[in-house]
Amino acid sequence: LGRVFDVGFLADHVDRVPYTAAYLAARVVDPRAWLLLVPLCIAATIAAFRAGAVEKAAFATGVVALSLLGLLLAYWTTPLELHYHLATSARRVITPPLLFWASVTPMLVAAAHRDKDSDGAGYPLTS
């Protein structure tokens, strides 16, 4: 935790940020790892935003974004050699934010559909 507040350390290692961001982004959109999961999550989030379910879409987007920013900070401040650290852990650490996003995707799709179907007849158990 000490490195997070060490401005000198962060300034010396600022070159890690764009490389790490690109590396994590490449792992997030890797079709061999996630196939259509990420595009489905993106489409559901956009549909929820467009349908007026801004709170739900913002919650999902915020959690995923904050998680990925936390990972970026962890890699920025790592004492390990960056390339090795990314190669051995990036695929594992992006899994929880993406699985969270996938788990809230049905809620986002339902919210987008519910706002289009204003009477709510298709959802008898929701309030």
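Packing order of peptides 16-28, 46-58, highest average first: 46-58, 16-28 (average count of other Cβ atoms within 10 Å over each peptide's residues). Rounded to the nearest 500, the helix-only mean residue ellipticity at 222 nm of the chain stands at -24000 deg cm²/dmol, with each DSSP H run of n ≥ 4 adding -39,500 (n - 2.57).
Give me the mean projected area, in nm² to one decimal, of the convex hull enclosing the Cα positions of region 71-115. If you can, show how the numbers build up before the last one.
Values: hull surface 15.4 nm².
For region 71-115, averaging the hull's shadow over all directions gives 3.9 nm².
Scaled against the 2.2 N^0.38 Å expected of a compact globular protein of N residues, the Cα radius of gyration of the chain reads 1.31.
Here region 19-35 and region 97-114 have alpha carbon centers that stand 20 Å from each other. Shown for the chain: the carbon plus sulfur share of the solvent-accessible area, taken with all protein chains present and a 1.4 angstrom probe, equals 69%.
How large is Rg over Rh for region 40-114, taking Rg from the Cα atoms and Rh as the Kirkwood inverse mean of 1/r across Cα pairs?
1.12
In the context of the full set of protein chains, the chain has a per residue accessible area of 62 Å² (1.4 Å probe).
A P(r) calculated from all alpha carbon pairs of region 1-75, with 10 Å bins opening at zero, reads 17, 36, 29, 17, 2 percent.
The values are calculated or read from the model by the stated rules, or taken from the named source; none is laboratory data. Remember, it's a predicted structure, so these values are computed and weren't measured experimentally. As a convention, Cβ positions derive from the backbone with ideal geometry for all residues, glycine included, and neighbour counts pool all protein chains shown. The protein model used for the area step is the full one, side chains on, heavy atoms only, and it has no ligands, DNA or RNA in it. Shrake-Rupley method; radii C 1.70, N 1.55, O 1.52, S 1.80 Å.
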